[in-house]
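Structure record follows, encoded as structure tokens.
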């Protein structure tokens, strides 16, 4: 297990919005290695954090990194969408602030056995929780028909050449040699769609993103998480969400707008049916992005966007 220190993205900005103070309780819904939680806990001896993460390896390291804070931090092995259940288990009905950093961690990317990155040749797993019964990326590639696979790659990876990639994957499968490793998939995609000298990213990047999102059901559970998080916040409590790709950011932006009262119904409908309700105030008119110095220090932060909302009185 790689214990390389994970650099928490937009750390100072997030702590600034959460404003931790003694007596306050926070939920870090994507604890990771505990970088954001540690910064929150260091703001005062009377601050408590409930930490949630679906990756057992990350939780193990977070417990080690946050051991000095004792009972002020509690750990739960769960998906961030289970925030309501976890809060109930923790005996908490209301909290002062909630954080969700939706990016994949360095721990996961740098572990050659997890199958998230084509920098290593590994089985195509990509499950955030390896103990879950969800299908792995290899199982998805082996079971989806060509059209569904192409749609998945296009929808979750915004890959314009998704149909060509899906066709090659299915052809390989029908030949009796299914794609089961990261290097095999990356090489197949590069041969299928080519690579221009000016390309800044590997041609397999978008497909790997699409598979990871699908394997972990990342987009479908995001809206529910945001609604449940707002329910748990006290009046004036804040929700901070950090995203790393446009699909997630669009969902967060739209949900915040809807919860701030913006109606998304067609203009000719006489009565709102989309469920828009003014429950929050958006604190970030535009998303907060990393500074040039942070990007230089941590290149993986370059695509991060932080959006924040504050709960209004009922």
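Fewest neighbouring Cβ atoms within 10 Å first, the residues 198, 191 line up as 198, 191.
As a test of understanding, state the convex hull volume per residue of the range 100-174 from its alpha carbons, in Å³.
Values: hull volume 9.0 nm³, N = 75.
Cα convex hull per residue, to the nearest whole number: 120 Å³.
Taking every alpha-carbon pair within the range 115-216, the share separated by more than 18 Å comes to 40 percent.
Semi-axes of the equivalent ellipsoid of the range 14-133 are 27, 15, 12 Å, computed as sqrt(5λ) over the eigenvalues of the C-alpha gyration tensor in descending order.
For an R0 of 51 angstrom, estimate the FRET efficiency from the Cβ-Cβ distance between residue 42 and residue 181 and round to the nearest 0.05.
Details: r = 42 Å, r/R0 = 0.82.
In this case the efficiency is close to 0.75.
Treating r as the C-beta distance of residue 191 and residue 264 and R0 as 41 Å, the FRET efficiency rounds to 0.45.
As a proxy for reagent exposure, ranking 255, 174, 283, 126 by other Cβ atoms within 10 Å from fewest up yields 174, 283, 255, 126.
Order these by the 10 Å Cβ neighbour count, fewest first: 47, 94.
On the way: 47 21, 94 12.
By the 10 Å Cβ count, ascending: 94, 47.
Ratio of Rg to Rh for the range 166-314: 1.10 [Cα atoms; Kirkwood radius as inverse mean 1/r over pairs]. Applying 0.36 nm per residue to the separation of residue 121 and residue 220 and subtracting their alpha-carbon distance, the gain on full extension is 32.7 nm. At full extension, residue 19 and residue 292 could sit 95.9 nm farther apart than now, given 0.36 nm per residue minus the alpha carbon distance. With a simple spin-label model that places each label point 7 Å from the Cα along the Cα-to-Cβ direction, the separation between residue 171 and residue 60 comes to 4.2 nm.
The distance separating the Cα centre of the range 214-236 from that of the range 113-173 comes to 25 Å. With all projection directions averaged, the alpha carbon convex hull of the chain covers 18.0 nm².
How large, in Å, is the range 225-305 by the Kirkwood hydrodynamic radius built from its alpha-carbon pairs?
Values: mean 1/r = 0.0690 Å⁻¹.
Over the range 225-305, the inverse of the mean reciprocal pair distance is 14.5 Å.
For the range 21-80 versus the range 263-287, the inter-centroid distance based on Cα atoms is 33 Å.
Provide the gained length on full extension for the span residue 94 to residue 160, in nm with one decimal, where the gain is 0.36 nm per separating residue minus the Cα-Cα distance. It would help to have the intermediate numbers written out before the result.
On the way: separation 66, 0.36 × 66 = 23.76 nm, distance 4.40 nm.
Gain on stretching residue 94 to residue 160: 19.4 nm.
How fast does the range 67-124 diffuse by Stokes-Einstein, in µm²/s, taking the Kirkwood radius from C-alpha pairs at 4 °C and 1.567 mPa s?
Details: Rh = 14.4 Å.
The calculation lands on 90 µm²/s.
Every number here is computed from the coordinates shown, using simple stated rules; none is lab data. From a predicted model like this one, the values you see are computed outputs, not experimental measurements. Heads up, the Cβs are rebuilt from the backbone with ideal geometry, glycines too, and the neighbour counts pull from every protein chain shown.
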